[in-house]
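Contents: one structure, followed by commentary.
The values are calculated or read from the model by the stated rules, or taken from the named source; none is laboratory data. Quick caveat, the model's predicted, so the values are computed rather than measured. Quick reminder, even Gly has a Cβ in these numbers, built from the backbone with ideal geometry, and neighbours come from all protein chains shown. To get the accessible areas, we keep the full protein, side chains included, count just its heavy atoms, and leave off ligands, DNA and RNA. Shrake-Rupley method; radii C 1.70, N 1.55, O 1.52, S 1.80 Å.
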Amino acid sequence: MRVLLFFIVVFSVTIWGTSCNQQEVAPVAGDQASGLPKLTSRVAMVDIPGGEYKPFYGLDTVLVKVAPFLIDERPVTNAEFLAFVKAYPQWRRSQVKRLYADTNYLCDWVADTVLPEGINPDAPVTQLSWYAAKAYAVAIGKRLPTLDEWEFVAMADETDANAREKKSYSDRIVNLYLVKNKQHNAVKQSPPNYWGVYNFFDLVWEWTDDFNSVLVTGDSRSGSYSDNNLFCAGSAASATDVLNYAAFMRFSMRGGLKAHYTVANLGFRCAKDIEDRKE
Amino acid sequence: MTNKLMLFVLATAFLFGACGSNSEQGTATGEKQSAATIEAKGQPEEAEITAAPHVPAPVGNRAPKKLIVNLLTTEIEGEIADGKKYTFWTFNNIVPGSFIRVREGDEVEVRLRNDAASVLPHNIDLHAVNGPGGGAEATSAVPGQEAAFTFKAMNPGLYVYHCAAPPVPMHIGNGMYGLILVEPAGGLKPVDREYYIMQGEFYTKARESGLLEFDNDKAVAENPDYVLFNGKKGSMLGAGMLEAKVGETVRLFVGNGGPNLISSFHVIGEIFDNVYLEGGTTVTHNVQTTIIPAGGSAIVEFKVDVSGEYVLVDHSLSRAFNKGAIGKLKVTGEGNPKVFKKGGF
């Protein structure tokens, strides 16, 4: 009976998730239909070969396969997002639908298309919703990275593709995380990681396409997830590495997000499938 | 597959249990049910909350109310000891967080706002709550967001609250804890002085700037640099000493945030007339030292008979001598040679 109940819960949650996604892409489809320009990105993308990796949440024995993909070498900046809202008026602060961004959306900006005085145009854009990040990615011919893709890259330090076993790995990231107001610094001012990717930990939290998949997931790990796991000591019982405090922080952050939320230290970068390389 | 799912369901049920705030007390079950049916009338009003060592006014004879408790979670620099700065994570910019005082039967809305300048999400698990996570899930707030939940105060007692966002030991280790008192109908017996004390230990390492912050290795080893009352070395020394007059009855609401150590709370030169064991309803008498578990509390009461300075310690004494777990109660007034005098007969 309990098992049956569980299935019903998972099933209904999955359906809810699907219908939600359909809503989410709707405005983007509208953009393309109205013939708005596709933007060009000047951000270099880094080839990530993919592979199997052990996710932080879930069963120890379950490896997740990550297909090869491309990822932006750095987060999207204020200047780039400004160009986007100029081209896509529906994503300006005064015009964005409340459904797609909370009232703090781009709240520091002076006006719809004016960055505030003193802000670095090359600093990561923040205070934007998942919907806005996703719309940007589509406009530029890319997509948001999946949580697994993001976490796959996050395993690297400067010298190794997978540095998770190193004693210093989590401590170093936690140190970077805890610096305040770091989102105002320009991108690419610190050394890249093993893959040549910059600013994975030292500027902003980043949206992923399925940021809340710890709660709702269609993949093989769904059976081992529950939102209860995010709280109290329960989080430790479902983590594969209880000393990885950096990962606890990331998943804690993602677990608290809703797609219309905007946060002062939350930005994003884009990704792309390998086969879309030429686009 | 089915077996795996069953295991998962069981594990989830277990975790829920582990996270839940209250275990049933055999004798209290009946009271709980009756408390749940008490109606809280009137418009919601904002609860009086206070910074340690002070506590809000007693509930006295009032009827159950609807109360709103406003809490702001922040990450701020503050002095921990000897001029050294530490990055505290707080409820309402203080360690311990604000003292909350309600009555059995009150309906309490807890509004938690996470400061926009925070780096991390925060939430609150109040041990006084009967419900999932003690409110942790319902109040989880990313920086700049607000979340709320409402609970019925059903079990009288003194309860710890704390942030339960992962990694929990770090959130607690940085100072995210406080106390909520649920007074029984009719209130606790009036006393002359009431104070709020909370113990917590700090595991530190220094950044290049000299700023201290949480050290995970020391926390895992449960080897703190500081064991402190009210979040700062010397918080209850000098100008911060607690005060009472000869002949008065003093009630201390003592909590232990941990995250790891158990406190052996003792007041040098005093005997606790009454101890509400573990903050619950069982009262014992004539106690020298009382155990306060991590994530637990005790209420101690004693009459002060002789003037002088009384030292409050964790009687695991290296913590008092070397790590800061020390405070003082200054009792003024006449000497009382029948009770205590220097020299022989």
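Here are the numbers:
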{"read-out": "Environment charge at residue B:139 (Cβ cut-off 12 Å; Lys +1, Arg +1, Asp -1, Glu -1)", "value": "-2"}
{"read-out": "Pairwise label distance in nanometres, residue B:285 with residue B:61, each label 7 Å out on the Cα-Cβ vector", "value": "2.7 nm"}
{"read-out": "Protection proxy ranking of B:158-164, B:34-40, B:221-227 - average other beta-carbon atoms within 10 Å, highest first", "value": "B:158-164, B:221-227, B:34-40"}
{"read-out": "Delta accessible area of at least 20 Å² on complex formation, residues of the range B:60-107, 1.4 Å probe, chain isolated as reference", "value": "B:75"}
{"read-out": "For residues of A:263-269, the mean tally of beta carbons on other chains within 10 Å", "value": "4"}
{"read-out": "Solvent-accessible heavy-atom area per residue, rounded to whole Å², over the range B:36-183 at 1.4 Å", "value": "31 Å²"}
{"read-out": "Number of partner chain Cβ atoms within 10 Å, mean per residue of B:166-175", "value": "5"}
{"read-out": "Solvent-accessible heavy-atom area per residue, rounded to whole Å², over the range B:245-289 at 1.4 Å", "value": "41 Å²"}
{"read-out": "Mean Cα-pair separation over length for chain B, i.e. relative contact order, pairs under 8 Å, 6 or more apart, %", "value": "14 percent"}
{"read-out": "Computed FRET value (nearest 0.05) for residue B:34 with residue B:223, which takes r as the C-beta separation and R₀ as 41 Å", "value": "0.35"}
{"read-out": "Leading residue at positive end of dipole, the range B:157-236 (Cβ point charges), from B:175, B:212, B:157", "value": "B:157"}
{"read-out": "Per-residue average of Cβ from other chains inside 10 Å of B:120-129", "value": "3"}
{"read-out": "Burial order of peptide ranges B:66-79, B:250-263 (average beta-carbon count within 10 Å, highest first)", "value": "B:250-263, B:66-79"}
{"read-out": "Nearest-20 debye value, chain B charge dipole, Cβ charges on Lys, Arg, Asp, Glu", "value": "460 debye"}
{"read-out": "Using θ = phi - 60° and Karplus 6.51 cos²θ - 1.76 cosθ + 1.60, couplings along the range A:244-251 (whole Hz; Gly, Pro as x)", "value": "7, 4, 4, 5, 4, 5, 4, 5"}
{"read-out": "FRET efficiency estimate (nearest 0.05) - Cβ-Cβ, residue A:110 to residue A:87, R0 22 angstrom", "value": "0.70"}
{"read-out": "The range A:54-96 - charge dipole about Cα centre, Lys and Arg +1 at Cβ, Asp and Glu -1, debye rounded to 20", "value": "200 debye"}
{"read-out": "Cα-based Rg and Dmax for the range B:31-148, where Dmax is the largest Cα-Cα distance (Å)", "value": "16.0, 51"}
{"read-out": "Of A:99, A:144, A:124, farthest towards positive along the dipole that unit charges on Lys, Arg, Asp, Glu beta carbons give the range A:30-172", "value": "A:99"}
{"read-out": "Mean separation of Cα contacts under 8 Å (6+ apart) over length of the range B:183-266, as relative contact order %", "value": "42 percent"}
{"read-out": "Residue-averaged [θ]222 nm for chain B, counting only DSSP H segments that reach four residues, each worth -39500 (n - 2.57)", "value": "-3500 deg cm²/dmol"}
{"read-out": "Apportionment of accessible area to carbon and sulfur, the range B:159-302, percent (1.4 Å)", "value": "51 percent"}
{"read-out": "Positive minus negative residues near residue B:74 (Lys, Arg vs Asp, Glu; Cβ under 12 Å)", "value": "-1"}
{"read-out": "Per-residue ³J(HN,Hα) for the range B:181-186, Karplus 6.51 cos²θ - 1.76 cosθ + 1.60, θ = phi - 60°, Hz, x for Gly and Pro", "value": "9, 10, 7, x, 3, x"}
{"read-out": "Interface burial for B against A (accessible surface, 1.4 Å probe, total of both chains, Å², rounded to 100)", "value": "3600 Å²"}
{"read-out": "Cα gyration tensor category, rounded, prolate or oblate, for the range B:138-189 with a/c compared to 1.5", "value": "oblate"}
{"read-out": "Cut-off 12 Å between beta-carbons: net charge of the residues surrounding residue B:302, Lys and Arg +1, Asp and Glu -1", "value": "-3"}
{"read-out": "Heavy-atom accessible area order for B:314, A:209, largest first, 1.4 Å probe", "value": "A:209, B:314"}
{"read-out": "Leading residue at positive end of dipole, chain B (Cβ point charges), from B:331, B:291, B:131", "value": "B:331"}
